[in-house]
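Please treat every number below as a calculation from the coordinates, not as lab data. For clarity, every value in this text was computed on a predicted model and none was experimentally measured. For neighbour counting, all protein chains shown are included, and Cβ atoms are generated from backbone atoms with ideal geometry for every residue, glycine included.
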Amino acid sequence: MAGKTLTPLGIAVLALLNEGPMHPYEMYQLLMSRKEDRIVKVRPGSLYHAVDRLVENDLVREVGTEREGNRPERTTYEVTDSGRDALAARISEIVAEPIPEYPQFVLALSEIHNIDAVHAVSCVRRRIRHKLTEDAELAVIESAVTARAVPSIFYVGLRFMRAMIAGEIAWLEKFVDDIETGRIPWLTEDMASEMAARRAGHTSNNGGDLCKPK
């Protein structure tokens, strides 16, 4: 399996096993305790499937099984040298080469003129409240790992998330202010009619084909 074919969950699994051998249930517990479900979609079933795929591609291997009481037998895995290489390659690629992620929020912002201005402001303020709550939760996590003297390199992703949230909140607050003060004029019926007329004229000038050069 080439590094670029690793799924986000595959990356998370390889990163965990790079810390040491463990079984899938332990991986799941660690991901949840570290709140990594905020950055990668993880379910017990999908985690086991991801491990199976990594085994098939020789990126991880079984190292033993164990059983506690009447619980089902658990298989422990470790990362292979090929797995470490694939993990490093994929991380390097993602960090170095931006790829289109097609965020739905940006799409909604691009089309926000299709709703009433008052309602738009209400929706944006609601999002700001959600983001403030999210940042407060991340702040608690950051305080906890700092108190445990966890090296900061292990939670740079968390710090990046908080920085992104802070930037989004600042932008949204400015956006609301621009709407309410009129610095961003909202779409009116007259503006919509004018735009429709321009489109009609453009279509007519191009013989009905928007892709045809004048």
Percent of C-alpha pairs per 5 Å bin, the chain, short to long: 1, 6, 10, 12, 12, 12, 10, 9, 8, 7, 6, 4, 3, 1, 1, 0
Sorted by Cβ density within 10 Å, fewest first, the residues Y28, Y102, Y77: Y102, Y28, Y77
Difference of contour (0.36 nm per residue) and Cα-Cα distance, A139 to E68: 21.9 nm
Exposure proxy ranking, count of Cβ atoms within 10 Å, fewest first, for T146, T75: T146, T75
Within the chain: Cβ-based charge dipole about Cα centre, in debye rounded to nearest 20 (Lys, Arg +1; Asp, Glu -1): 220
Cα centroid separation, region 7-28 to region 134-206 (Å): 33
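What's the tally of Lys pairs in the chain whose alpha-carbon atoms lie under 26 angstrom apart, where the two lysines are 8 or more places apart or on different chains?
On the way: K4/K35; K4/K41; K35/K131; K41/K131; K131/K174.
Lysine pairs, 8 or more places apart or on different chains, close enough: 5.
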Percentage relative contact order, the chain, counting C-alpha pairs under 8 Å, at least six apart: 17
Packing-based ranking, highest mean first, of 13-19, 135-141 given that Cβ atoms within 10 Å are counted: 13-19, 135-141
Cα gyration tensor shape for region 35-91, rounded if a/c is under 1.5, else prolate or oblate: oblate
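Which net charge results when you count Lys and Arg as +1 and Asp and Glu as -1 among the other residues whose beta-carbon is under 14 Å from that of S82? Intermediate values should be presented prior to the final figure.
Details: positive: R53, R61, R84, R90; negative: E56, D58, E78, D81, D85.
Its environment carries a net charge of -1.
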Summed side-chain charge close to T188 - residues other than T188 whose Cβ falls under 13 Å, Lys, Arg +1, Asp, Glu -1: -4
Cβ-based net charge around S143, under 12 Å, with every Lys or Arg adding one and every Asp or Glu removing one: 0
Net length gained if the chain between K131 and D58 were fully extended (0.36 nm per residue, minus Cα distance): 22.2 nm
